[in-house]
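In what follows, a structure is listed as structure tokens, so that the remarks can point back to it.
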Amino acid sequence: MGTWDTGPFDNDTAADFANMLDDAEPEKREALVRGVLIRTIDATGFLAEAEEAVAAAALIAAQCPGGEPVDTPYGPETPMPMFATDLRALADEALARIASDEAGPASNWVHPEEWKQWRTMLNRLRAVLDPAPPAIALFDVEP
């Protein structure tokens, strides 16, 4: 796998996934994204589709409040459908699985000196996909 930076589409596998999404019929794109997330969550041993799952999560996060648009020449060129809201939880779970696999993508995807940047990117995506619930007042106190 060729990797040139720490972004979600900055490797050959994720760029190929973007091309596959571009080539797919519009109504099949969500199923492709969902499938890669589920397979990553359910994987045992080596996470064969981790790079695609990170890219899929970035596409979902781009549609969330606070999400950053996927603005890279290596991402999909065609517009993505509005993804179902349940994909947010799947994407967050897949990213958690990827982040916890010390022998997997983290060690193989980026150079050790870039690991912190890669990890920060995963954390940003997760924060958008699963934001903390708003704080609520436990007691209403009148002045």
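The values are calculated or read from the model by the stated rules, or taken from the named source; none is laboratory data. These numbers were taken from a predicted model, which means no experiment stands behind them. Neighbour counts run over all protein chains shown; Cβ positions are idealised from the backbone, glycine included.
Would it be correct to say that GLU25 is out of contact with any His (no Cβ under 9 Å at 6 or more places or on another chain) and at pLDDT 95 or above? Yes. Can you say whether THR78 is farther than 17 Å from GLU51 by Cα and free of Cβ contacts under 8 Å to residues at least 24 places away in the same chain, as far as the supplied structure shows? For THR78, the condition - farther than 17 Å from GLU51 by Cα and free of Cβ contacts under 8 Å to residues at least 24 places away in the same chain - is not met.
When the residues of region 17-33 are filtered to those that are farther than 21 Å from PRO69 by Cβ and in a helix (DSSP H, G or I), the one that is nearest to the chain's Cα centre (by Cα) is ALA31. Is it the case that some residue within region 51-60 is touching a helix residue (DSSP H, G or I) at 6+ places or on another chain (Cβ under 7 Å), among the acidic types (Asp, Glu), modelled with pLDDT under 95 and under 22 Å from THR120 (Cβ atoms)? Yes: one or more hits.
Checking every residue in region 69-76 against the condition of being over 16 Å from ALA18 (Cα atoms) and either at pLDDT below 95 or under 10 Å from the mean Cα position of the chain (by Cα) (or both) gives zero matches. Answer yes or no as to whether GLY45 is touching a strand residue (DSSP E or B) at 6+ places or on another chain (Cβ under 8 Å) and either among the aromatic types (Phe, Trp, Tyr) or at pLDDT below 95 (or both). Criteria not met by GLY45. Of the residues making up region 42-63, those that are within 16 Å of LEU129 (Cα to Cα) and either buried (at least 18 other Cβ atoms within 10 Å of the Cβ) or under 11 Å from the mean Cα position of the chain (by Cα) (or both) are ALA53, VAL54, ALA55, ALA56, ALA57, ALA58, LEU59, ILE60, ALA61, ALA62.
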